[in-house]
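The structure follows.
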Amino acid sequence: MTSDLDLLDKLKSYLQQATGRPVQLVTRRTYQEITAMILAGQVDAAWVCGFPYVANKTQMQLVAVPVWHSRPVYQSYLISDAARTATDLEHLKGDIHAFSDPDSNSGYLVTAAELASKAISPEAFFSQTFYTYGHRNVVRAVGSGLAQSGSVDGYVYEVLRTMEPDLVAATRVVRASAWYGFPPVACLAATANSENTRLLTKALLGMQADPTGREVLAMLELDSFSAEPPSLFDTIGANMELVRKRA
């Protein structure tokens with residue numbers, strides 16, 4: 001996505017301008033770390049995956065949801081190297097498979113839930129699995145041959161198709177999943193009515209109306225942010241239940 005540092009600088013600039021307050025942006029390697037920071041009250045809000053949001057929905061509240069291609073939803077992609085002709089998950093049996101994060105919907109849960117519906121675990125279906133802790137890294141792992149297939153965020157894959165075409169060209173989409181609620185910005189439920197949360201919500205929902213905000217959205221290849229109901233993530237909850245029952 002152009003440059004991560006450029007993006008963070010531009011996002012920080014926009015949020016400080018829109019909220020009228022100093023803003024500190026922090027990044028973490030795993031969703032577990034990010035979720036822990038929200039639950040501990042160490043950050044006002046975070047861009048999280050729908051999986052940890054649903055898993056902690058009694059303690060977390062939605063702030064805003066990204067809109068991509070006019071809808072607040074995205075897909076999980078199963079990918080393989082470009083030379084393979086696989087068209088379904090069954091064709092990937094016995095693979096070395098790359099997941100992005102154990103708390104990722106698109107990078108783990110969607111695939112795990114499909115296997116759970118057939119009463120099998122990822123560990124039994126694939127010859128080996130590992131986590132890359134980044135959707136870009138899943139694409140890299142598959143493209144380089146470190147993994148034979150992978151589970152990846154379809155939005156990230158499509159952005160990479162534009163930004164890093166050579167990387168994506170070494171892979172192909174085996175199959176796209178159903179649509180799921182786009183990874184949201186969420187906060188601790190106990191601070192949902194705070195002034196910081198109110199200002200952040202207003203800033204995110206108004207991003208497309210501001211020149212700097214539109215620059216940030218263009219860098220992210222998003223249309224806008226919108227207010228969405230928790231029910232948008234019900235299908236993620238259903239997949240969580242499938243995997244829980246299998247365990």
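Which angle between 0 and 90 degrees, to the nearest 10, do you get for helix 195-205 versus the longest principal axis of the chain when only C-alpha atoms count?
Roughly 60 degrees between the two axes.
Which residue, LEU115, ALA82, THR132, has the largest displacement toward the positive end of the dipole of region 74-180 when charges sit on each Cβ (Lys, Arg +1; Asp, Glu -1)?
Value computed over the given set: ALA82.
Moving to a separate point now. Within region 2-36, what residues put their amide N at less than 19 Å from the label point 7 Å along the Cα-to-Cβ vector of ASN56?
Flagged as within label range: 24-36.
Can you give the angle from 0 to 90° between the axis of helix 234-246 and the longest principal axis of the chain, with both taken from C-alpha atoms, to the nearest 10?
Tilt relative to the chain: about 40 degrees.
So what's the net charge close to SER224: Lys and Arg +1, Asp and Glu -1, counting the other residues with Cβ under 15 Å from its Cβ? Display every interim value, and only then the final one.
On the way: positive: ARG71, LYS202, ARG214; negative: ASP210, GLU215, GLU221, ASP223, GLU228.
With Lys, Arg at +1 and Asp, Glu at -1, the net is -2.
Quote the charge dipole size of region 35-161 about the Cα centre in Debye, to the nearest 20; the model charges only the Cβ of Lys and Arg (+1) and of Asp and Glu (-1).
Rounded to the nearest 20 debye, it is 140 debye.
Going by Cα centres, region 178-229 and region 53-106 are how many Å apart?
The two parts, judged by their Cα centres, are 21 Å apart.
Can you put TYR131, TYR14, TYR53 in order, fewest other beta carbons within 10 Å first? Mind dumping the intermediate values first?
Details: TYR131 17, TYR14 22, TYR53 26.
Neighbour counts put them in this order, fewest first: TYR131, TYR14, TYR53.
Between ALA169 and ARG71, with labels modelled 7 Å along Cα→Cβ, what's the label distance in nm to one decimal, could you check?
About 3.0 nm, to one decimal.
Nearest 0.05, what FRET efficiency do ARG244 and SER13 give at R0 = 30 Å with Cβ-Cβ as r?
After rounding to 0.05, the efficiency reads 0.10.
Also, quick follow-up: Taking θ = phi - 60°, what integer Hz values does the Karplus form 6.51 cos²θ - 1.76 cosθ + 1.60 yield along region 111-125, in sequence order, with x for Gly and Pro?
Here the 3J(HN,Hα) series is 5, 4, 5, 4, 5, 4, 5, 9, 6, 9, 9, x, 5, 7, 7 Hz.
Using r as the Cβ-Cβ distance of GLN42 and ASP6, and R0 as 25 Å, what FRET efficiency do you calculate, to the nearest 0.05?
My answer for the efficiency is 0.45.
Tell me the angle of helix 135-144 to the major Cα principal axis of the chain, expressed in degrees between 0 and 90 and rounded to the nearest ten.
Relative to the chain, helix 135-144 is tipped by roughly 30 degrees.
Also, I was wondering about something else. If you place +1 on the Cβ of every Lys and Arg and -1 on the Cβ of every Asp and Glu, how big does the dipole about the Cα centre of the chain come out, in debye to the nearest 20? Mind showing how you got there, number by number?
Numbers: 21 positive and 25 negative charges, 64 e Å.
Dipole size: approximately 300 debye.
Read-outs: derived from the displayed coordinates by stated rules, not from any lab. It should be emphasised that the depicted structure is a prediction, and the values quoted were computed from it without experimental measurement. Note that each Cβ is placed from the backbone with ideal geometry, even for glycine, and that neighbours are counted across all protein chains shown.
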